[in-house]
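The values are calculated or read from the model by the stated rules, or taken from the named source; none is laboratory data. Because the structure is predicted, anything quoted here is derived from the model rather than measured. Ideal geometry is used to build each Cβ from the backbone, glycine not excepted, and the neighbour counts take in all protein chains shown. Side chains included, ligands, DNA and RNA excluded: accessible areas come from the protein's heavy atoms. Shrake-Rupley method; radii C 1.70, N 1.55, O 1.52, S 1.80 Å.
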Amino acid sequence: MEPTASLASASTIPYWLDTPDRPARLPALTGPRSTDLAVVGGGFVGLWTALLAKEADPGRRVILLEGGRIGWAASGRNGGFCESSLTHGPDNGKQHLPRENDRLIELGIENLDAIEEAVHRYGIDCDFERTGIINVATEQYQVDAMAPDHDPAGGRYWLDAEALRDHIRSPQYLGGLRETRTASIIDPAKLCWGLQRVIQDLGVEVYENSIVRSLDRDGSRILLTTDDGSVTADHVALGTNVFPSLLKRTRLHTVPVYDYALMTEPLSDAQMEAIGWKHREGLSDAANRFHYFRLTADNRILWGGWDAVYHYGKQVSWKYDQRPETFDTLARHFFETFPQLEGLGFTHKWGGAIDTCSRFFPFFTTAHGGRVAYSAGYTGLGVGASRFGGRVMLDLLSGEETELTQLEMVRKMPLPFPPEPFAWAGVTLTTKAMIRSDENGGKRGPLLKLLDAVGMGFDS
Ligand SMILES: Cc1cc2nc3c(=O)[nH]c(=O)nc-3n(C[C@H](O)[C@H](O)[C@H](O)COP(=O)(O)OP(=O)(O)OC[C@H]3O[C@@H](n4cnc5c(N)ncnc54)[C@H](O)[C@@H]3O)c2cc1C
């Protein structure tokens, strides 16, 4: 079958959201309300923030306002890799925050452990599997870069081509670095809906279809206004991701980058045997432009990544969620990687926007005398880090100095992107430089070296 034919009957709904298990729509906010804490955004950042606020103080009144449906955006349509890294990988953390990177690695593991613990404690059915991950090498320069990272004490194992065949079989793979502690795979939409159920049980008022149009000071409190209602709150936590920030001064700190994924039909036992994916780790390959892929509970393969597409003008729009040329490329790469799965069909194809910031990991700021906290910039690794982001925002709103509020990661903002047309030109040039680097044995050209030196870049 031609790769394009394998996509012929694929639904354009993100796989995880295409289920009758999706909870019923919640009413929109109407009329005026008053609360202690208002959370804006019903993705992972907002949901964890609301949950942690209630756990810390069950008597605190919390209202969550979501502009669409809970989990409809990035949180319900991602790859479902729930990783410990808070910094888009430890190497990126080391480059930006050399003094505290080791502590951030520990905090990240604690955070992932806490997610796993909460999933079990609240009985959230989200197919959580602490599988670990393998970063596979398809070129010799990647082998040379990753093999020295073998560190069994740290849970990192270099697998040569032969050893890797016990984990995954592809004629393209030369080896892989396996990390056992740092990652799990989940069904992200089920985690969102599970968190929704838990916070509602704890007394959080959740409103859907309630876009916050404005955020203003109201004496010593904050006034949030939606089309049909308003909330006056002592404190506000903003988890609005890639969407236009309610704090205008942060709007140049992220750009929307579109990332795409496919889902196959379930594999038969014979097909599973042919690829040998018996330990079920989440996988990715190691170039600048990379694929990420993982199994679902019913043995489908989610296959995403490669193209990271920025559209002129910073627009977030449903019209970018489908990109046939990227789906064709992904399907072709899939069958080149796993020729033994020839004939398998894709059931879903979708895309979504990622809130890329120039350092690739979340940033934090406060406004209105510390009554409002904002966090964004998670780039392509926010599933796990979102819970940490919620903790940080609550610490910031408490007005107290804590370990988290004192982190350089929290106190230091990334460099903003320039306005258009410079953002588009910069992103286009950087993308081309990354492609050249992949074609050139991973060597970083002058532009990438310059961006490395100033701590700035572009990624998905
Ligand atoms: C295709 C794709 C694959 C990805 N794969 C992975 C992965 O495998 N692992 C990983 O760690 N990360 C991945 N990511 C990134 C990850 O999904 C995000 O970092 C994470 O979900 C961000 O959570 P969030 O709550 O900040 O954002 P969102 O889920 O986008 O939630 C923000 C919410 O805020 C709401 N909102 C915005 N403005 C307003 C307003 N004014 N009023 C009311 N509501 C508002 C929006 O409607 C939205 O629901 C991927 C992302 C994409 C798109």
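The figures follow:
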{"quantity": "Distance (nanometres) between label positions extended 7 Å along Cα→Cβ at TYR122 and ARG197", "calculated": "1.1 nm"}
{"quantity": "Cut-off under 5 Å, modelled amide H: who pairs with PHE290 long-range", "calculated": "TRP306"}
{"quantity": "Estimated inter-spin distance, ARG169 and ASP328, nm [label 7 Å along Cα→Cβ]", "calculated": "3.2 nm"}
{"quantity": "Accessible surface, the range 357-460, averaged per residue in Å² (probe 1.4 Å)", "calculated": "42 Å²"}
{"quantity": "5 angstrom amide H check on LEU64, placed H, neighbours 5+ away", "calculated": "VAL39, GLU205, VAL206, TYR207"}
{"quantity": "Estimated Rh, the chain: Kirkwood, alpha-carbon pairs, angstrom", "calculated": "22.6 Å"}
{"quantity": "About the Cα centre, charge dipole magnitude for the range 76-235 (Lys/Arg +1, Asp/Glu -1 at Cβ), debye", "calculated": "120 debye"}
{"quantity": "Net length gained if the chain between LYS412 and ALA453 were fully extended (0.36 nm per residue, minus Cα distance)", "calculated": "13.1 nm"}
{"quantity": "Whole-number accessible area per residue in Å² for the range 192-342, which is evaluated in the context of all protein chains at 1.4 Å", "calculated": "40 Å²"}
{"quantity": "Volume of the Cα convex hull of the range 287-424, divided per residue and given in Å³", "calculated": "164 Å³"}
{"quantity": "Under-5 Å amide H pairs with GLY345, H placed in peptide plane, nonlocal only", "calculated": "GLU265"}
{"quantity": "Candidate aspartates and glutamates for bridging to LYS190, where Cα separation is under 18 Å - those fewer than 8 sequence places away on the same chain excluded", "calculated": "ASP18, ASP21, GLU66, GLU83, GLU116, GLU117, ASP125, ASP127, GLU129, ASP201, GLU208, ASP298"}
{"quantity": "Karplus-derived HN-Hα couplings along the range 370-377 (A = 6.51, B = -1.76, C = 1.60, θ = phi - 60°), whole Hz, x at Gly and Pro", "calculated": "x, 7, 10, 10, 9, 9, 7, x"}
{"quantity": "Antiparallel bridges, percent of DSSP beta bridges restricted to the chain (to nearest 5)", "calculated": "70 percent"}
{"quantity": "Hz values of 3J(HN,Hα) by residue in the range 263-279 - Karplus curve (6.51, -1.76, 1.60), Gly and Pro given as x", "calculated": "10, 8, 5, x, 7, 6, 4, 5, 5, 4, 4, 5, 9, x, 8, 7, 8"}
{"quantity": "3J(HN,Hα) from dihedral phi, the range 159-167, Karplus parametrisation 6.51/-1.76/1.60, rounded to Hz, x for glycine, proline", "calculated": "10, 6, 4, 5, 5, 5, 4, 6, 10"}
{"quantity": "The range 319-460 - percent of accessible surface contributed by carbon and sulfur, probe 1.4 Å", "calculated": "57 percent"}
{"quantity": "Euclidean distance of C-alpha centroids, the range 242-307 and the range 146-180, integer Å", "calculated": "20 Å"}
{"quantity": "Potential lengthening between ALA274 and ALA5 on full extension [0.36 nm per residue; Cα-Cα distance subtracted]", "calculated": "94.6 nm"}
{"quantity": "Charge sum, other residues only, whose C-beta stays under 15 Å from VAL204's C-beta, Lys/Arg counted +1 and Asp/Glu -1", "calculated": "-2"}
{"quantity": "Protein accessible area in the range 1-98, 1.4 Å probe - carbon and sulfur %", "calculated": "54 percent"}
{"quantity": "Average silhouette area of the range 133-247, convex hull of alpha-carbon atoms, in square nanometres", "calculated": "12.5 nm²"}
{"quantity": "Candidate lysines - alpha carbon under 16 Å from LYS349, same-chain residues fewer than 8 apart omitted", "calculated": "LYS319"}
{"quantity": "Carbon and sulfur %, accessible surface of the range 160-262 computed with the full protein complex present, 1.4 Å", "calculated": "47 percent"}
{"quantity": "Rounded if a/c under 1.5, otherwise prolate or oblate - the range 34-122, Cα gyration tensor axes", "calculated": "prolate"}
{"quantity": "For the range 349-453, the fraction of alpha-carbon pairs in successive 5 Å shells from zero, as %", "calculated": "2, 10, 17, 18, 16, 14, 11, 7, 4, 1"}
{"quantity": "30 Å Cα-Cα reach of LYS449 towards lysines, excluding residues that sit fewer than 8 places from it in its own chain", "calculated": "LYS94, LYS314, LYS412, LYS432"}
